[in-house]
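The values are calculated or read from the model by the stated rules, or taken from the named source; none is laboratory data. Predicted, not measured: the structure shown is a model, and the values here were computed from it. Here the Cβ positions follow ideal geometry from the backbone for every residue, glycine too, while neighbour counts run over all protein chains shown. SASA here: full protein model, heavy atoms, side chains in, ligands and nucleic acids out. Shrake-Rupley method; radii C 1.70, N 1.55, O 1.52, S 1.80 Å.
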Amino acid sequence: MSPRKFFVGGNFKMNGTIKSIKAIVDNLNQANLDSNVEVVVAPPALYLLLVRDSLKAQIEVAAQNVYDQPDGAFTGEISAHQLGDSNITWTILGHSERRTLLGESDAVVSSKTKYALDNGLGVIWCCGETLEQREASQTVAIVTGQLAALKETLGTDAAAWAKVVIAYEPIWAIGTGKVATTEQAQEVHAAIRSWLSDKVSPAVAEATRILYGGSVNEKNCKDLAKQADIDGFLVGGASLKPGFVDIVNCNL
Ligand SMILES: O=C(COP(=O)(O)O)NO
């Protein structure tokens, strides 16, 4: 099991209605959540204030994206400053759905990450490989390539990495029900931590939480959580269901 504070994020993606999200909030407000777990939920942008204003303070709220410019003439974008102004303390960045569907490059993701951190937000920074890349034994090369682009922007100062949480999300496991095996996940998490130790610093490697994401549910989370380098989860579909509480409490 991880020596770092466990972290469970719920990525609602583009799902929900006022009614369904209020029901999720009610369920979370009534739940007894493991106090040793840092919990962050990421509703669609339209519902950020609804969730922040009604969800108990124990649970932090994240955006699913942010722009890397100050407030201004950027129609449709989400402002880091306005998120902070609304007590939204985290953002997800680099999710594979934005990298693949919206063409966000490593450079764009890195720039957004630095901008979000510089503006006081915590960042859940996502990485992961496609099935073809895994089958071609390129997983570690792909993931460390994404990390290298981030390091190019953040540098090696521990303070720059203090509010970065890494989420390894194999694209072939996202939304498919095909969760990575504990061995597959631990292998990549260990490779990420080793890369951080070599290329950033041993201190950053030791401190940085590395989440697993990709078809996590209340049935498979316990075995995954037992792995030394799995420090939590970034949960998609299952975060919309009551079982999300069991994932948060998987170490109890
Ligand atoms: O994309 C994911 C994982 O989604 P699922 O849990 O639905 O596979 N998290 O950000």
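Can you run phi through the Karplus equation (6.51, -1.76, 1.60; θ = phi - 60°) for the range 167-181 and list ³J(HN,Hα) in whole Hz, with x for Gly and Pro?
Working through the residues one at a time gives 10, 8, 10, x, 4, 6, 9, 6, x, 9, x, 9, 5, 4, 5 Hz.
Tell me which residues come under 5 Å, amide H to amide H, from VAL165 once H is placed; ignore anything under 5 positions away on its chain.
VAL123, ILE124, TRP125
Kyte-Doolittle cut-off -1.0, length cut-off 24 Å along the helix's own axis using Cα: show which whole DSSP H helices in the chain pass. Working shown, then result.
Numbers: long enough: 182-199 (25 Å, -0.80).
Once both thresholds are applied, what remains is 182-199.
Given Cβ point charges of +1 (Lys, Arg) and -1 (Asp, Glu) and nothing else, what value in debye, to the nearest 20, does the dipole of the range 173-214 about its Cα centre take?
Values: 4 positive and 4 negative charges, 28 e Å.
Charge dipole, the range 173-214, about its Cα centre: 140 debye, nearest 20.
Skipping prolines and chain starts, which residues have an amide H placed within reach, meaning under 5 Å, of the one on GLU38, given they are 5 or more residues away or on another chain?
Amide H neighbours of GLU38, under 5 Å, 5+ apart: PHE6, PHE7, VAL8.
Restricting to Cα pairs below 8 Å that are 6+ residues apart, what does the relative contact order work out to for the range 64-213? Please round to a whole percent. Can you show the working numbers first?
Numbers: 218 pairs, mean separation 31.6, N = 150.
This gives 21 percent for the range 64-213.
Using the Cα centre of the chain as origin and beta-carbon charges of +1 (Lys, Arg) and -1 (Asp, Glu), tell me which of CYS127, VAL8, LEU50 is placed farthest towards the positive end of the dipole.
Of the options given, the answer is LEU50.
Can you send over the solvent-accessible area of LYS13, 1.4 Å probe, protein chains only, in Å² to the nearest 10?
Here the accessible area works out near 40 Å².
For the chain, with only Lys/Arg (+1) and Asp/Glu (-1) charged at the beta-carbon, what is the dipole magnitude about the Cα centre, in debye rounded to 20? Mind dumping the intermediate values first?
Values: 22 positive and 28 negative charges, 95 e Å.
Roughly 460 debye for the chain.
Under a cut-off of 20 Å between alpha-carbon atoms, report the lysines in cross-link reach of LYS22, not counting same-chain residues fewer than 8 places apart.
Straight-line reach from LYS22, under 20 Å: LYS13, LYS56, LYS241.
Explain nothing, just the number: dipole magnitude of the range 96-206 about its Cα centre with +1 on each Lys and Arg Cβ and -1 on each Asp and Glu Cβ, in debye rounded to the nearest 20. Intermediate values should be presented prior to the final figure.
Values: 10 positive and 14 negative charges, 48 e Å.
With only Lys, Arg, Asp and Glu charged at Cβ, the dipole is about 220 debye.
Let's test the formula: R0 of 35 Å, r as the Cβ-Cβ distance of LEU49 and GLN184. What FRET efficiency results, to the nearest 0.05? All intermediate terms of the calculation are to be shown ahead of the outcome.
On the way: r = 38 Å, r/R0 = 1.10.
Computed FRET efficiency for LEU49 and GLN184: 0.35.
Lys and Arg at +1, Asp and Glu at -1: add these up for the other residues within a Cβ distance under 15 Å of GLU129 and post the number.
Result for the local shell: -3.
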